[in-house]
Amino acid sequence: MKRAIMMNSRDNVATALENLDAGALTSVILPSQEVLKEVLTMQAIPFGHKLAITGIKKGNKVIKYGEIIGNASQNIAPGDNVHVHNVKSNRMQMPEIWYREEG
Amino acid sequence: MKFNGYERPDGSVGVRNILLVLAVADCSEPVARMIAEEIYGAFAITQHYGCIPGQMVANTLIGVGENPNVAAVLLVGMGCEGMPAHALGKTIKRSGKPVEWISIQELGGTHNALTKGKQILKGMSEKISRLKRKEFDISKLIIGVKCGGSDTTSGLAGNPAVGAFVDMLIDAGGAAIMSEPIEAVGAEEPLAKRALNEEVKKQIYKMIGDEEKRWSVPGAQMEFMCKGNVDGGLTTIEEKSLGAIHKSGSRPIVGVLENSDRLLEKVPEGAGFYLQDGTHMEPMAMSFMAAAGAQMVIFVTGCGGTFGHAIVPMIKVTGNPETYSKMPGDMDINAGTIITGEESIDSVGRRIFDEVIEVASGKATLGETLGYHNFSVYRRDPRLEALLKISK
């Protein structure tokens, strides 16, 4: 089974350690390599990109490394790709060109 | 733990023996380059903010001239600039190393300046070629850490491995420095928790807060993350910062070094981890860290990067196994083994440590074997500082 890593036990996202296909059962591991759970991907997740390991409601915190990396700009389901299309920084917004290119 | 370096008259220790030709502004750069071209071991650098670039640029050039990797300096000026070669030269000369300067106008133009410049430089080359490496304790080493072209492997593998190295270096008596305040936005708390005392904690918050102000001026759309960051999976500045600070290790932050029009503060003697009020742009940040006394830089990249720095050897570390296999001629250290599960973070940190000792003792980095001599300086515009009410 392909793997994604959750950096801290408080996190609600994990980072894909390989390219993940849509609809694939993915094993979520901790930095100790211990398998925590399995999550079904909702979309394809490229290597290095994030998937939600729990549902995250619009406006709620997205947590990686045990810290807040931004807030959900729309409802996110478990297994969803989590990136610039559904997360906004609480500090500094990037120029819109990135969002257009991602879309 | 020991390494073999060059002792300088001021007691600092270089890991290289550079013969530097410093054009004080880009107008005198062609003459400086032509002088350096024919002399063994010499190369020329300049800055591109014109001949009245302000004190911050002057501070950087002086610091670079004073860097222990630099054995001798020839400054080349046009003669009419607001930041004259003799003024910088006199300051650098206080370090005790051979320093001379020429003015193209005073010497009567290109031809005479080339003749005189080459004559001086040839003498310096002979003199510094006689210097020999000696054994020194690792406590003489100051290592800069920087990341760039980051993707998410930087936060998962490359930066944590460098962080493990930084902890080993500090425990062994060395010092490390990180200079990228924008890449601490969103990571204030984990950094502040490591502050040695309340004063340092305050300085950390101020440095990051000031940089956030500069890069989020209403009405000015500024890019502070690159396309490669986003393509590589980094979503927000907070995520990028939280990954970036992993390379700072876990030891106490003993100081925030000032870098302003007023002062470019050097890394003090002794072990410890320092933040510098610098910039996140790679060669420019490296120039700042070099000016503060760093003799080497560890550069962590996800996307890959093919450059070096004129003053400080750069060890390139990638946490992306694909990047390592695509660019093996550029990446010194493969930390992608952490991603593939083949190696632990500490084990890669140990490999970086061993490589640092080798490179400090003379082993060429891949960037050096390729002849990379990148150099650029960064200037904060004093007008923007005033408008944003950023005070030192």
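Annotations for the structure displayed:
- All conditions but one from (1) in the same structural domain as residue B:246 (by TED's automatic domain parsing); (2) part of a loop (DSSP other than H, G, I, E, B) apply to residue B:376; the one that does not is (1).
Results for (1) surrounded by 16 or more Cβ atoms within 10 Å (Cβ to Cβ); (2) touching a Phe, Trp or Tyr at 6+ places or on another chain (Cβ under 9 Å); (3) not assigned by TED's automatic domain parsing to the domain that holds residue B:292, shown as yes or no for each residue.
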site	(1), (2), (3)
B:29	yes, no, yes
B:40	no, no, yes
B:45	yes, yes, yes
B:52	no, no, yes
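- In region A:56-85, the residues that are more than 7 Å from chain B (Cβ to nearest Cβ), in a loop (DSSP other than H, G, I, E, B) and over 22 Å from residue A:38 (Cα atoms): A:58, A:59, A:60, A:73, A:74, A:85
- Helices (runs of 4 or more DSSP H) fully within region B:205-316 counting 3 or more residues that are in contact with a strand residue (DSSP E or B) (Cβ under 8 Å, 6 or more places away or on another chain) and over 19 Å from residue B:379 (Cα atoms): B:237-244
- Residues in region B:341-370 that are outside any helix (DSSP H, G or I) and either over 24 Å from residue B:250 (Cα atoms) or out of contact with any helix residue (DSSP H, G or I) (no Cβ under 8 Å at 6 or more places or on another chain) (or both) were compared, and the one that is farthest from the other protein chains (Cβ to nearest Cβ) is B:362.
- Odd one out for residue B:331, checked against (1) crowded, with 22+ Cβ neighbours inside 10 Å; (2) of a type in the set (A, V, I, L, M); (3) under 19 Å from residue B:13 (Cβ atoms); (4) without any contact (Cβ under 8 Å) to a residue 60 or more places away in the chain: (3)
- In the set B:276, B:203, only one residue is under 18 Å from the mean Cα position of the chain (by Cα) and away from chain A (no Cβ under 14 Å); that residue is B:276.
Matching residues to (1) in contact with a Leu (Cβ under 9 Å, 6 or more places away or on another chain); (2) buried (at least 17 other Cβ atoms within 10 Å of the Cβ):
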position	(1), (2)
B:193	no, no
B:199	no, no
B:203	yes, yes
B:209	no, no
B:212	no, yes
B:217	yes, no
B:221	no, no
B:239	no, yes
B:243	yes, yes
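- Within region B:373-391, being among the small types (Gly, Ala, Ser) and exposed (fewer than 15 other Cβ atoms within 10 Å of the Cβ) holds for B:386, B:391.
- Residues of region A:11-23 classified as surrounded by 13 or more Cβ atoms within 10 Å (Cβ to Cβ) and either aromatic (Phe, Trp, Tyr) or over 26 Å from residue B:228 (Cα atoms) (or both), total: 0
- Filter result for residue B:224 (in contact (Cβ under 8 Å) with a residue 60 or more places away in the chain and aromatic (Phe, Trp, Tyr)): no
- The helices (runs of 4 or more DSSP H) found entirely in region B:1-98 that carry 2 or more residues being of a type in the set (S, T, N, Q) are B:55-66.
- Here residue A:51 meets the list (1) closer than 22 Å to residue B:339 by Cα; (2) of a type outside the set (Asp, Glu); (3) at the interface with another protein chain (Cβ under 8 Å from one of its Cβ atoms) almost entirely, failing just condition (3).
- Filter result (in contact with a Pro (Cβ under 8 Å, 6 or more places away or on another chain) and not aliphatic (A, V, I, L, M)) within region A:41-64: A:54, A:55
- Any hit, region B:227-250, residues being on the phi > 0 side of the Ramachandran plot, away from chain A (no Cβ under 13 Å) and under 19 Å from the mean Cα position of the chain (by Cα): yes
- Options B:135, B:100; residue that is surrounded by 17 or more Cβ atoms within 10 Å (Cβ to Cβ), in contact (Cβ under 8 Å) with a residue 12 or more places away in the chain and charged (D, E, K, R): B:100
- Condition met for residue B:122 (in a helix (DSSP H, G or I) and either closer than 26 Å to residue B:74 by Cα or assigned by TED's automatic domain parsing to the domain that holds residue B:36 (or both)): yes
The values are calculated or read from the model by the stated rules, or taken from the named source; none is laboratory data. None of the values given here were measured: they were computed from a predicted structure. With ideal geometry, Cβ positions are generated from the backbone for all residues, glycine too; neighbour counts draw on all protein chains shown.
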